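S.K.: Have a look at this one before I ask anything.
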Amino acid sequence: MNGADTAWIIVATALVLFMSLPGLALFYGGLVRARNVLSVFMHVYAIAALMSILWLMFGYSIAFGDGNAVWGGLGKMFLNGVDADSLSGTLPEVLFFAFQMTFAIITPALIVGAYVERIGFGFVLAFSGLWMLLCYAPVAHWIWGGGFLSDGGIFGETGVRDFAGGIVVHETAGLAAILISVFLGPRKNTKHPPHNPGFVMIGASMLWVGWFGFNGGSQLAADGGAAMAITVTHISAAAASLSWALWEKIKFGRASLVGIVTGTIAGLASITPASGFVGPVAALIIGGVAGILCQEAVNLIRNRLRIDDTLDVFAVHGVGGIFGTIMIAVFGAGSWAAQLGSLAIVGVFTLVVTFVLIKGVSILTRLRVDEETEVNGLDLAVHGERAYDTAS
């Protein structure tokens, strides 16, 4: 065990959890109507709790167990055989478990943005839990757990390069989000502006800070690689924030707060897979392009295809993660075959598993709330609470 590595990953674990609670909750919550903000908080919070238990029970073993190239197996269920003295590299294995658990929390939580304001709470929990176990955990094993897409797998000695989750996190969540949006159909009223842009900015700021643990922690060591990952993460976020705002100014005559912070998230998602493989100049390019690319993806999906991916999960996270994964090959840090091939394999797998789960879970519990509940808001109808009591 290395004490410095252990101390850093303890901090990184806290930072990644901070991204979900409260970062993502505030970012998403500010974007919806006031009558739905608590439902968004509830979705993210409940997913965090449920994924933690399921990761302990089965998820960690599926992703990082000693199985085969496709499946990690169930040998490490409930951390069987893991104690305080067990090591994973230079880290206590229980810490590696906890760090990876925060990734298993935020990935299904990202999908929340696609279905806010109209989904059944029971469906959210059932779908998220099964999706994490049957989609996210296997993909994590294929790429990070020694599976068939990693070094020595189907792409030869050098497998896919995905430092912190361009494929494992962002592509899977983005594709699941767009598919569930299609199944749900659009909201009854899609014209309401974000009820609290201040929440959005605060949440995005928390995500920005937390992303240092997300990307820097993925080095799994306190060294120069972690420092470079943090640096390029920050540069990409800054560049994408400005390019998004500039593109808004050119197109619409003014730059918005919600726009600039959405650009931040686009830059962070795009640099995630490449953060361990590129330098600051490459990060500047990736972020600068991402701010415009993801904004145009929002326009394509929302206005041309008319898919109500409500908070633009696929356009920002999916497109950003896929773009960053491809840029690894562009900058010569990975092979084109491995990068594109892995994107295709994981993409097809994610769509198939997500489709089956949506159909299966919707048989057991209602996918969409009734029209009256949607119109009146999920906060009071589903959870019996209001975010703002104007009479007090």
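S.K.: How far, in nm, would the chain grow between Asp66 and Val182 when pulled straight, counting 0.36 nm per residue and subtracting the alpha carbon separation? Spell out each step's value before the answer.
M.R.: Working: separation 116, 0.36 × 116 = 41.76 nm, distance 3.70 nm.
Full extension of this stretch gives 38.1 nm more.
S.K.: Once Lys and Arg get +1 and Asp and Glu get -1 on their Cβ, which of Gly89, Ala297, Ile250 lies farthest toward the positive end of the dipole of the chain?
M.R.: Selected residue: Ile250.
S.K.: Next up: Lys359: which lysines have alpha carbons under 26 Å from its alpha carbon, excluding same-chain residues fewer than 8 sequence positions away?
M.R.: Filter leaves Lys188.
S.K.: Might you tell me the accessible area per residue for region 16-74, computed with a 1.4 Å probe and given in Å²? Don't jump to the answer; show the numbers that get you there.
M.R.: Numbers: 1960 Å² over 59 residues.
Using a 1.4 Å probe on heavy atoms only, each residue of region 16-74 averages 33 Å².
S.K.: Let me ask you something else. Counting only GluC sites (Glu not before Pro) that are in a DSSP loop and have at most 13 other C-beta atoms within 10 Å, tell me the longest site-free stretch of the chain.
M.R.: Numbers: sites that count: Glu157, Glu385.
That would be 158-384.
S.K.: Ok, one more. What residues qualify as long-range amide H neighbours of Ile119, i.e. H under 5 Å apart, gap of 5 or more or another chain, H built at 1.01 Å from N?
M.R.: Val369
S.K.: Still on this structure, please answer the following. If amide hydrogens are placed 1.01 Å from N in the peptide plane, which non-local residues have theirs closer than 5 Å to the one on Ser88?
M.R.: Glu93
S.K.: Counting other Cβ atoms within 10 Å, keep those with at most 10, restrict to DSSP loop, and tell me which trypsin sites (Lys or Arg not before Pro) in region 252-359 are left. Mind dumping the intermediate values first?
M.R.: Details: sites: Arg254, Arg302, Arg304, Arg306, Lys359; in loops: Arg254, Arg306.
Of the trypsin sites (Lys or Arg not before Pro), the ones in loops of region 252-359 whose Cβ has at most 10 other Cβ atoms within 10 Å are Arg254, Arg306.
S.K.: Kindly write out, for region 303-318 in residue order, the coupling ³J(HN,Hα) from the Karplus curve 6.51 cos²θ - 1.76 cosθ + 1.60 (θ = phi - 60°), rounded to whole Hz, with x marking Gly and Pro.
M.R.: Listing the rounded values in order: 9, 9, 7, 6, 9, 8, 6, 3, 10, 6, 5, 5, 4, 8, 7, x Hz.
S.K.: How large is ³J(HN,Hα) for each residue in region 240-247, as worked out from phi by the Karplus curve 6.51 cos²θ - 1.76 cosθ + 1.60 (θ = phi - 60°), to whole Hz, x for Gly and Pro?
M.R.: 5, 4, 6, 5, 4, 5, 5, 5
S.K.: Let me ask something else. Any idea how far the Cα center of region 313-392 sits from the one of region 78-116, in Å?
M.R.: 20 Å
S.K.: Let me ask another. Of all accessible surface on region 219-294 at a 1.4 Å probe, what whole percent is carbon and sulfur?
M.R.: Values: 2140 of 2850 Å².
Summing carbon and sulfur atoms, their accessible area is 75 percent of the total for region 219-294.
S.K.: Of [x] 24.5, 80; [y] 21.2, 73; [z] 19.8, 66, which one was derived for Rg and Dmax of the Cα atoms in Å from the structure shown?
M.R.: Of the listed options [x] 24.5, 80; [y] 21.2, 73; [z] 19.8, 66, [z] comes from this structure.
S.K.: Report in % the part of the accessible area of region 1-134 that belongs to carbon and sulfur, leaving out ligands and nucleic acids; probe 1.4 Å. The partial results should precede the final answer.
M.R.: Working: 3180 of 4420 Å².
The nonpolar share, carbon plus sulfur, comes to 72 percent.
S.K.: Need one number: nm distance between label points at Asp370 and His383, each 7 Å from Cα along Cα→Cβ, rounded to one decimal.
M.R.: With each label point 7 Å from Cα toward Cβ, the separation is 2.2 nm.
S.K.: What is the gain in length, in nm to one decimal, between Trp336 and Ile363 on full extension, counting 0.36 nm per residue of separation less the C-alpha to C-alpha distance? Write down the numbers at each step before the final one.
M.R.: On the way: separation 27, 0.36 × 27 = 9.72 nm, distance 4.07 nm.
Extra length available between Trp336 and Ile363 comes to 5.6 nm.
S.K.: How much accessible area per residue does region 250-374 have, in Å², with a 1.4 Å probe?
M.R.: 42 Å²
The values are calculated or read from the model by the stated rules, or taken from the named source; none is laboratory data. A quick note: this is a predicted structure, and the numbers were derived from the prediction, not measured. Counting neighbours? That spans all protein chains shown, and the Cβs are built from the backbone with ideal geometry, glycine included. We work out accessible area using only protein heavy atoms, side chains counted, and drop any ligands, DNA or RNA first. Shrake-Rupley method; radii C 1.70, N 1.55, O 1.52, S 1.80 Å.
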